[in-house]
Every structure is written in C-alpha cells, then in structure tokens.
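Q: The structure under discussion is supplied below as structure tokens; questions concerning it will follow.
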Amino acid sequence: MQVVLSWVERGILVIESDGTVWRCAVMTRWGARPVARRRVDPIGTGGYRRVKVTEQYQQYCVSAHRLVWTHHNGMIPDGMDINHLDAVRGNNHPKNLEAVTRSGNAKHAHKVGSYKDRKRRFSPEVEAEIRRLRASGLSWRKVGAHTGVSPTWCRQFVARHGLVAAPEVLLVNRTGGA
C-alpha cells in the first residue's frame, strides 16, 4: 500500500474526487514521464477494482477501495474492513466507503443481499434430495442423474456432511435386507 500511495504523492497516479484512479505518468529510469491519462482500476474478480504498479521490478497490487479510503481518510484502523454502503463493489466514491469491523461488513452484506455462501455448493433443496436418494439405496450415479449433480460431488457432500437418515435404514440398505 505504501508504494502505491507514494505514486499518488509523486503525481504518477491521481485519485479523483469520485474515487476513480488514473495514471498520469510512467516511471522510467530517469524518473516520471507524463503520459495521456489512463484509468488504472479495472474491475477484477469478485467485482472489486484493483490497482497494480511495478517499481524496481516488483509488482504491487492493492484494492482500489482501500487505496481511495486511505488517500482520503488516512490509514485503515487495525481490525477494520472497508465497506461499500451501496453494496456495489466497483463504486469507490469516498462517500460510499466506510470503515467497519469484519462482522459489521458481513452483517451489511447479508442485509443488502450481496453475501454469497461460498461454502454451499448446492441449494438446501438439492442437499435434502441427495440425502434422501442416497438413504433410499440408490447408487451415486443414479443420485447424480436425479439431481443433476455429478456423482463425485454427491459422494463428497455426503462424506463431509453425512446423511440425515435413521441408522437402521442405512443398515438395511447396505445388507440388502427388506
């Protein structure tokens, strides 16, 4: 972050009042050389804008919202995240950014509906169907065909989360009894 902020201080990067980041110069071995303004905060994975700079053969990459916050408000307090009030990750206007705790950031994401449970691979309905079909004795291939999920994912899901079925049902199905 410090290297990128030094580029802002030297005028190589400019942070506009709307939170956009522009390159106004390039570094050469003789110093900074002015160039036509070019926006340098493309939207990356997850919808967040990123700023990359290279200094002395070392590349530095920072989140644009963290850079904008630091430029306008000073260093981010320890243990705090930068939250987008409107939940639009590409909108880095200083009035749209606030410092919050990690839990406050998660609560805001849940409230505005931008939270994605990355640990959940299937909907709860599909999970229940996988459990029900496997407990009824179907093979992994048939469970996958019925649910539209690969047999490997079905097997891994049940191995991690278990079946919600009575143990006697599983015993009868495994032994081939009626």
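The values are calculated or read from the model by the stated rules, or taken from the named source; none is laboratory data. Not measured: the values here are computed from a predicted model. Glycine also receives a Cβ, built like all others from the backbone with ideal geometry; neighbour counts cover every protein chain displayed.
Q: Step by step: first the residues of the stretch 104-158, then only those that are in contact with a Lys or Arg (Cβ under 8 Å, 6 or more places away or on another chain) and among the aromatic types (Phe, Trp, Tyr), then the one that is modelled with the highest pLDDT. Which residue is that?
A: That would be 140.
Q: Consider residue 131 carefully, then state whether it is part of a helix (DSSP H, G or I) and either within 30 Å of residue 152 (Cα to Cα) or hydrophobic (A, V, I, L, M, F, W, C) (or both). Outline the logic, then answer.
A: On the way: part of a helix (DSSP H, G or I): yes; either within 30 Å of residue 152 (Cα to Cα) or hydrophobic (A, V, I, L, M, F, W, C) (or both): yes.
Answer is yes for this residue.
Q: Can you spot a residue in the stretch 44-52 that is surrounded by 11 or more Cβ atoms within 10 Å (Cβ to Cβ), within 27 Å of the chain's Cα centre (by Cα), under 18 Å from residue 91 (Cβ atoms) and aromatic (Phe, Trp, Tyr)?
A: Yes, some residue in the stretch 44-52 is surrounded by 11 or more Cβ atoms within 10 Å (Cβ to Cβ), within 27 Å of the chain's Cα centre (by Cα), under 18 Å from residue 91 (Cβ atoms) and aromatic (Phe, Trp, Tyr).
Q: Restricting the search to the stretch 40-66, which residues are in contact with a strand residue (DSSP E or B) (Cβ under 6 Å, 6 or more places away or on another chain) and either in contact (Cβ under 8 Å) with a residue 24 or more places away in the chain or among the aliphatic types (A, V, I, L, M) (or both)?
A: Across the stretch 40-66, the qualifying residues are 40, 41, 43, 48, 49, 51, 53, 60, 62, 64, 65, 66.
Q: Any chance you could count how many residues in the stretch 44-68 are on the phi > 0 side of the Ramachandran plot and not in a helix (DSSP H, G or I)?
A: 2
Q: Write out, first by first residue and then by second, each pair whose Cβ atoms fall under 7 Å of each other, whose residues are 6+ apart or on separate chains, and whose first residue, in the stretch 89-112, is closer than 19 Å to residue 45 by Cα while the second is of a type in the set (A, V, I, L, M) and surrounded by fewer than 16 Cβ atoms within 10 Å (Cβ to Cβ).
A: Qualifying pairs under 7 Å: 90/43.
Q: Between a first residue in the stretch 26-39 that is in the same structural domain as residue 9 (by TED's automatic domain parsing) and basic (Lys, Arg) and a second residue that is surrounded by 10 or more Cβ atoms within 10 Å (Cβ to Cβ) and not in a strand (DSSP E or B), which pairs have beta carbons less than 8 Å apart while being 6 or more apart in sequence or on different chains?
A: 39/20
Q: Next question, about the same structure. Would you tally the residues in the stretch 74-103 being within 16 Å of residue 114 (Cα to Cα), part of a loop (DSSP other than H, G, I, E, B) and either of a type outside the set (Gly, Ala, Ser) or modelled with pLDDT of 95 or more (or both)?
A: 5
Q: What about residue 170, is it of a type in the set (A, V, I, L, M) and modelled with pLDDT of 75 or more?
A: On the way: of a type in the set (A, V, I, L, M): yes; modelled with pLDDT of 75 or more: no.
So residue 170 does not fit the description; no.
Q: Can you find, within the stretch 1-21, the residue that is farthest from the chain's Cα centre (by Cα) among those that are surrounded by 15 or more Cβ atoms within 10 Å (Cβ to Cβ) and of a type outside the set (A, V, I, L, M)?
A: Filtering the stretch 1-21 down to residues surrounded by 15 or more Cβ atoms within 10 Å (Cβ to Cβ) leaves 4-5, 7-8, 12-15, 19-21.
From the residues that got through so far, the ones that are of a type outside the set (A, V, I, L, M) too are 7, 19-20.
Numbers: 7: 27, 19: 20, 20: 21 Å.
This residue is 7.
Q: OK, next. Hey, among 110, 71, which residue is assigned to a helix (DSSP H, G or I) and surrounded by 16 or more Cβ atoms within 10 Å (Cβ to Cβ)? Quick ask: steps written out before the conclusion?
A: Working: 110 fails: surrounded by 16 or more Cβ atoms within 10 Å (Cβ to Cβ).
Just a single option satisfies the conditions, and that option is 71.
Q: Residue by residue through the stretch 1-43, note down the ones that are among the β-branched types (Val, Ile, Thr), in contact with a helix residue (DSSP H, G or I) (Cβ under 9 Å, 6 or more places away or on another chain) and assigned to a helix (DSSP H, G or I).
A: Across the stretch 1-43, the qualifying residues are 4, 8.
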